[in-house]
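The values are calculated or read from the model by the stated rules, or taken from the named source; none is laboratory data. As the structure is a prediction and not an experimental result, all values here were calculated from the model. Here the Cβ is made from the backbone with ideal geometry for all residues, glycine too, and neighbour counts use every protein chain on show. With ligands, DNA and RNA removed, areas are computed over all heavy atoms of the protein, side chains included. Shrake-Rupley method; radii C 1.70, N 1.55, O 1.52, S 1.80 Å.
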Amino acid sequence: MRRFNAQWLGRVRYEEALALQERLLEARIRGEIGDTLLLLEHDPVVTLGRGSRGENLLVPAKAWSG
């Protein structure tokens, strides 16, 4: 049976959660930590693919940016 560490982080800013995931990945690759599951929520994020352009947005950015 495999085990993993689960952590409830609550609400976390997207950038902070991403940075934490990257640090944990590096630690996992080095064998410093085991498998880890992060449970969290963050504000909505608009994700566009690599080939996207500004005109792909149907709503102006100022309408949804905080």
### Query
Quick one: in the stretch 46-55, which of the residues that are within 18 Å of the chain's Cα centre (by Cα) and either closer than 29 Å to residue 2 by Cα or open to solvent by 70 Å² or more (accessible area, probe 1.4 Å) (or both) is modelled with the lowest pLDDT?
46
### Task
Would you check if residue 58 is at pLDDT below 95, assigned to a loop (DSSP other than H, G, I, E, B) and touching a helix residue (DSSP H, G or I) at 6+ places or on another chain (Cβ under 8 Å)?
no
### Summary
Per the filter on the stretch 1-44, residues of a type in the set (Val, Ile, Thr) and open to solvent by less than 80 Å² (accessible area, probe 1.4 Å) are 12, 33, 36
### Message
Looking at the stretch 18-43 only, could you name the residues that are part of a loop (DSSP other than H, G, I, E, B), out of contact with any helix residue (DSSP H, G or I) (no Cβ under 7 Å at 6 or more places or on another chain) and in contact (Cβ under 8 Å) with a residue 12 or more places away in the chain?
### Response
34, 35
